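Peer 1: Encoded as structure tokens, here's the structure I'll be asking about.
Bear in mind these aren't lab numbers, they're just calculated from the coordinates by the rules spelled out. Keep in mind that this is a model prediction, so the values were computed, not measured. Ideal geometry is used to build each Cβ from the backbone, glycine not excepted, and the neighbour counts take in all protein chains shown.
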Amino acid sequence: MSDRDTAFAEYFAARSDAMRGTAYLLCGDWHRAEDLVQTAFTKLYLVWNRVSRHEVLDAYVRQILVRAFLDERRRGWWRRERVGGDDADRPNPPESPESRLVMLQALAALAPRQRAVLVLRYWEDLSVEETAALLGCSPGTVKSQAARGLENLRGLLLPAYSTIEKGER
């Protein structure tokens, strides 16, 4: 882990609970509060090297948090939530930092082509045809690589998630 990542992880560990409390007060829902905190810390991480005044980080993160909440309210949170349809087969996003790390490690363990297909199809939300065009292959290849990639990802994640749920690390 780099010094940048270590410093960010320490700040996240120290302040995420307080920010979650603030987010809960804003939205009144613990799940949405988690999403807001994740959004805020993700945005902070992206500019971490450019933040020069670390003594004002709390105010900066709170500002990001509030803006994310307001943006969500303007767009309508319910519009982002989709039930059924094509989305039913998509994996749910990890809910904790440990889960995200496990997911990233499992994704990194996949064959590069499978990883590319899964990222383009399920993260970037591209269609089979768009993914095929981007990778320069047939739609059938995208479908088979996605199926194999999901199967391999499940095989890697099931043992890891059961360990996290038991509290082992």
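Peer 1: If you add up the charges near Ala18, with Lys and Arg at +1 and Asp and Glu at -1, over every other residue whose beta carbon is less than 10 angstrom from its beta carbon, what do you get?
Peer 2: Around Ala18, the charge tally is +1.
Peer 1: Taking amide hydrogens as modeled 1.01 Å from N in the peptide plane, which residues meet the under 5 Å criterion relative to Leu126, leaving out close sequence neighbours?
Peer 2: For Leu126, whose amide H was placed from the backbone, the distant partners under 5 Å are Arg121.
Peer 1: Once phi is turned into ³J(HN,Hα) by the Karplus curve 6.51 cos²θ - 1.76 cosθ + 1.60 with θ = phi - 60°, what whole-Hz value does each residue of the stretch 140-147 show in order, with x for glycine and proline?
Peer 2: In residue order, the calculated couplings are x, 5, 4, 4, 5, 5, 5, 4 Hz.
Peer 1: What are the ³J(HN,Hα) values, in whole Hz, obtained from phi via the Karplus relation 6.51 cos²θ - 1.76 cosθ + 1.60 with θ = phi - 60°, for each residue of the stretch 101-106 in sequence order, with x given for Gly and Pro?
Peer 2: The phi angles translate into 5, 4, 4, 5, 5, 5 Hz.
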